[in-house]
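Structure first, then comments.
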Amino acid sequence: MILKTVDDLRAVARGWRAAGEKIGVVPTMGALHEGHLSLARRARQECDRVITTIFVNPKQFNNPDDLKKYPRTLEADAELLATVPVDAIFAPPVDEVYPDGFITTVTMQGVATPLEGHMRPGHFDGVATVVTKLFGMTMADRGYFGQKDWQQLQVVLRLVRDLNIPVTVVGCETIRESDGLAMSSRNVRLTAEGRQKAPVLYAAISRAAEDIRNGHADRMAIREAAETMREAGFERVEYIELRDAETLMPSDDPRRPRRMLAAAWLDGVRLIDNIPV
Ligand code: AMP
């Protein structure tokens, strides 16, 4: 069942809720891969009804070219979701989500400020706004998000607490290709050579995390990781940072959970990844 309007979605969701069924939502921007499907399968196990939303949210793109080039593959996506299966796909047009006169934005500071928030101004306000709306539209009990976008997951956890949104947020493990590259809808934009080099991102931060666990200096380990990536052909390493896993603030306290997060450009494609330290 592919739904295009909020009214249709609401009618379906209301029926499920009235029957006492628990609804899980998996928000995506489409161009689905195994990472997305793992979220949908987890929702399938834990909920009576599963809705996958497919919406390329213009408000979370700070780069118009990235928005224009973002892959859109609804038919193939629906076929993949049928293998889970999910109960409904919500794939609204932009003016259904942001009709004329739309003026409300959810703005966040704190965990939304550094790293992706710094490099992509407005990105997390766009995410927080659309996630708040999708939770409201789907009337979901549980929302499924990937650790691939670690900062986004922390932002959404904070959002539901701050706004008393009655949705349990579930963080799911990053699904990787066999060579370690984190699956991403943007990977299809890599050239064949770029695709060969791309796993160096994960390999380099994994090595740095291991060195740090073995007592090497944080800064040195990170500098070596950046050097490895540049040597492999990455055009630009935007950041490699060791942060508190929850607040995303700088952390040199090994007793608290820490996360290494990285963003880098290869073939004109921006790749991100993160791992526990
Ligand atoms: P996107 O379509 O890129 O907005 O991603 C939709 C959801 O899928 C987000 O919660 C992502 O974190 C999650 N996701 C994307 N890639 C992966 C992956 N490789 N493993 C696990 N989850 C992922």
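The numbers here are math on the coordinates, done by the rules we state, and not lab data. Every value quoted in this text rests on a predicted model; they were computed, and no experiment measured them. Here the Cβ positions follow ideal geometry from the backbone for every residue, glycine too, while neighbour counts run over all protein chains shown.
Brief remarks follow.
- Taking the C-alpha atoms only, the angle from helix 6-18 to the longest principal axis of the chain is near 80 degrees.
- Relative contact order of the range 46-91, taken over Cα pairs closer than 8 Å and 6 or more residues apart, is 69 percent.
- Partners for LYS22 among aspartates and glutamates (Cα-Cα distance below 13 Å; same-chain residues under 8 apart left out): GLU46, ASP48, ASP87, ASP141
- Residues considered: ALA40, ALA82, ALA31. Largest GNM mean-square fluctuation over the chain, using C-alpha springs under 10 Å, is found at ALA82.
- Footprinting exposure proxy for HIS118, HIS36 (fewest neighbouring C-beta atoms within 10 Å first): HIS118, HIS36
- Taking GLU96, GLU246, GLU238 in turn, the Gaussian network model of the chain (Cα-Cα springs below 10 Å) assigns the largest fluctuation to GLU96.
- GNM top mover of LEU201, LEU80, LEU181 - the chain, alpha-carbon springs below 10 Å: LEU80
- Spatial separation of Cα centroids for the range 177-215 and the range 14-36, in angstrom: 29
- Mean ellipticity per residue at 222 nm, deg cm²/dmol - from DSSP H runs of n ≥ 4 across the chain, formula -39500 (n - 2.57): -12000 deg cm²/dmol
- The mean sequence distance of close C-alpha pairs (under 8 Å, at least 6 residues apart), as a share of the length of the chain, puts its relative contact order at 17 percent.
- Degrees between helix 123-138 axis and first principal axis of the chain (Cα, 0 to 90, nearest 10): 30
- Residues whose placed amide H lies under 5 Å from that of GLU238, excluding near-sequence neighbours: ALA263, ALA264, TRP265
- Under the Debye formula (equal points on every Cα, no solvent term), log10 I(q)/I(0) of the chain at q = 0.07 Å⁻¹: -0.26
- This ranking places VAL50, VAL277 by how few other beta-carbon atoms lie within 10 Å of each, fewest first, which gives VAL277, VAL50.
- Exposure proxy ranking, count of Cβ atoms within 10 Å, fewest first, for ASP267, ASP65: ASP65, ASP267
- Euclidean distance of C-alpha centroids, the range 240-254 and the range 145-169, integer Å: 18
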